[in-house]
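Worksheet: the structure to be examined is printed underneath.
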Amino acid sequence: MSLQSHMSPLSPMSPASRQPVDVLIRRVDPDVPLPSYAHPGDAGADLRTTEACQLAPGERAVLPTGVSVALPEGYAAFVHPRSGLAARCGVALVNAPGTVDAGYRGEIKVIVVNLDPRGAVRFERFDRIAQLVVQQVERVRFQEVAELPGSARAEGGFGSTGGHAAVDGTSGTSGQAALGGQAGGNRYASVVSDREGQ
Ligand SMILES: O=c1ccn([C@H]2C[C@H](O)[C@@H](COP(=O)(O)OP(=O)(O)OP(=O)(O)O)O2)c(=O)[nH]1
């Protein structure tokens, strides 16, 4: 019997059909728990800080995780924020997602920032501060051409499809530049009309 004939088209692939990829890991801090997935099906394995740290509003820090890895060629790992810390405390990663290259053998670090305008955030040693997502990545050959092939989106970007009240084209020069200034066609009125049409 083929695999497809006894699986509904909507059923997820059986976990047994995808073998985990082995990744060599070394503890820089001998006591740190290894990164682990909290639930079956999770994409990210939690990373912990090996240093306690307190961040005032707006402050950032580069925190050590106590581990280094050797990823197989063709893979990279991405350091992602934890949504619970973001929603409850305003903690973000400055460079989210951080990229860990296959050739990197140093300790994985996490660049946290406290975006809460009022409250300080404190991390204790071994608190889970981020999650590591390991993915296959392509290397490409850039082929220079004089003209690119056409597409439906063409050069539209930076809010060209509307839908955000905050995109009013008036706050900040960098925003204006990104929207193509006054001629960008994405000022507040056009965003409102876009919403009314939904
Ligand atoms: O959140 C992060 C991001 C990066 N790294 C490590 C792994 C990565 O392979 C290396 C370099 O990262 P990246 O390429 O982002 O840094 P860069 O500023 O471009 O430095 P470099 O010139 O060393 O590539 O730093 C981390 O530990 N955590």
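Read-outs throughout are calculated quantities, based only on the coordinates presented, and are distinct from any laboratory measurement. Note that the structure is predicted; figures quoted are calculated from it, not measured. Backbone-built Cβ (ideal geometry, glycine too); neighbour counts: all protein chains shown.
If you stretched the chain out fully between Glu138 and Arg27, how much longer would it get, using 0.36 nm times the residue separation minus the C-alpha to C-alpha distance? Can you show the working numbers first?
Details: separation 111, 0.36 × 111 = 39.96 nm, distance 2.82 nm.
So the chain would gain 37.1 nm between Glu138 and Arg27.
Peptides 97-103, 131-137: what's the order by average Cβ count within 10 Å, highest mean first? Could you put the intermediate results ahead of the total?
On the way: 97-103: 14.4, 131-137: 16.7.
Ranked by mean Cβ neighbours within 10 Å, highest first: 131-137, 97-103.
How would you order 84-90, 110-116 from highest to lowest mean count of nearby Cβ atoms within 10 Å?
Put in order of decreasing packing, that is 110-116, 84-90.
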Compute the FRET efficiency between Arg118 and Gln19 as 1/(1 + (r/R0)^6), taking r as their Cβ-Cβ distance and R0 = 41 Å, and round to the nearest 0.05. 0.30
Ala87 and Ser36 label points (each 7 Å along its Cα→Cβ direction) are spaced in nm at 2.4 nm
Projected label distance in nm at Val145 and Ser160, using a 7 Å step from Cα toward the beta-carbon: 1.7 nm
Between the modelled labels at Ala96 and Asp127 (7 Å from Cα along Cα→Cβ) the distance in nm is 1.6 nm
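Within 10 Å, count the other beta carbons around each residue, average over each peptide in 53-60, 20-27, 148-155, and list them highest first.
Going by the mean number of other Cβ atoms within 10 Å, highest first, we get 53-60, 20-27, 148-155.
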